[in-house]
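Worksheet: the structure to be examined is printed underneath.
The values are calculated or read from the model by the stated rules, or taken from the named source; none is laboratory data. Quick caveat, the model's predicted, so the values are computed rather than measured. So basically every Cβ, Gly included, is an ideal-geometry build from the backbone, and we count neighbours across all protein chains shown.
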Amino acid sequence: MPLEEKYRNLIRFAIPQAEKEETLLKLSALYDCVVSTNERINITSLVSPIDVTLKHLIDSLTLLQAPVFGNFSPRKRICDIGCGGGFPGLPLATVLSDHEITMIDSTEKKITALKENAALLGLERVVPLWGRGEELAGARGAHRGRYDLCVSRAVARLPVLTELCLPFVKTGGRFVAMKGQKAYEELKESRRAIEKSGGALAEVIEVKTDFHDFPLEAFSEEEKEKIRDYALSARYLIVIVKKKETPAQLPRKWAEITKKPL
């Protein structure tokens, strides 16, 4: 079942880049795909219209607040690491339809579902890929140094993500990590991992989503509360630039990375 107009309007208000009706209809169809898929395969615990709208669709598209997305010509290669049920990569693909977005996850059933949903949505430049990041971007991995931009949301703490994601990025490219209230704590832990992986901190962006002037009469009291809570939640984009090649011994195996972060 597609999203009602009130939810589409909420997206339009929060994300200027998604204001076109064609984009909103694709995001509505994406909601329908997620809910339908979730009846067969558990890809998300969030299935209500307001939860998916806020925490999957709008939240994924807050990535567009990073300045790197403001200068996105010519066509770029983007990589979404640990995409799960398709976030943030699928919402991004609805807005950045000219750019190739490779979406990687280690759970095969999620990638299978992702292929089906991308096809149903007509997202021809989405490339779902099943595999482990540390293998795909290892010293001999086919995806090492291939991407202009790598993004990741809610996969692991930043020291782990940095070692896993920076090897995917070209020198001069960017890695953008989506983080919550512990962003600065994680960043402090990550300084060595960033340097060792060939990166440098470019900027930290505080995500702003203000619904103050948006009319909420059409929403239930529970939905209004969720909208207010989301607007008040702490969210940040940590942008790391790839300054030089990642050493060949990185990334290490997943067990090593998580047991003993750099």
Q. Looking at region 125-163, which of its residues are more than 22 Å from His56 (Cβ to Cβ), touching a strand residue (DSSP E or B) at 6+ places or on another chain (Cβ under 8 Å) and buried (at least 24 other Cβ atoms within 10 Å of the Cβ)?
A. Tyr147, Thr162
Q. For region 86-103, what are the residues that are of a type outside the set (D, E, K, R) and over 11 Å from the mean Cα position of the chain (by Cα)?
A. Thr94, Val95, Leu96, Ser97, His99, Thr102
Q. Mind checking which pairs have a first residue in region 149-160 that is at pLDDT below 90 and a second that is surrounded by fewer than 24 Cβ atoms within 10 Å (Cβ to Cβ) and assigned to a loop (DSSP other than H, G, I, E, B), Cβ under 8 Å, 6 or more apart or different chains?
A. Ala154/Gly82; Val155/Gly82
Q) If the Cβ limit is 8 Å and pairs must be 6+ apart or interchain, which residue in region 190-211 that is more than 30 Å from Leu10 (Cβ to Cβ) pairs with which residue that is small (Gly, Ala, Ser) and surrounded by fewer than 18 Cβ atoms within 10 Å (Cβ to Cβ)? A) Ile194/Ala200
Q.
List pairs: first residue in region 165-187 and closer than 17 Å to Ala66 by Cα, second residue part of a helix (DSSP H, G or I) and of a type in the set (D, E, K, R) anywhere in the structure, Cβ distance under 9 angstrom, at least six positions apart or on different chains.
A. Ala177/Glu186; Met178/Asp59; Lys179/Glu186
Q. Is it true that Glu108 is surrounded by fewer than 17 Cβ atoms within 10 Å (Cβ to Cβ) and out of contact with any Asp or Glu (no Cβ under 9 Å at 6 or more places or on another chain)?
A. yes
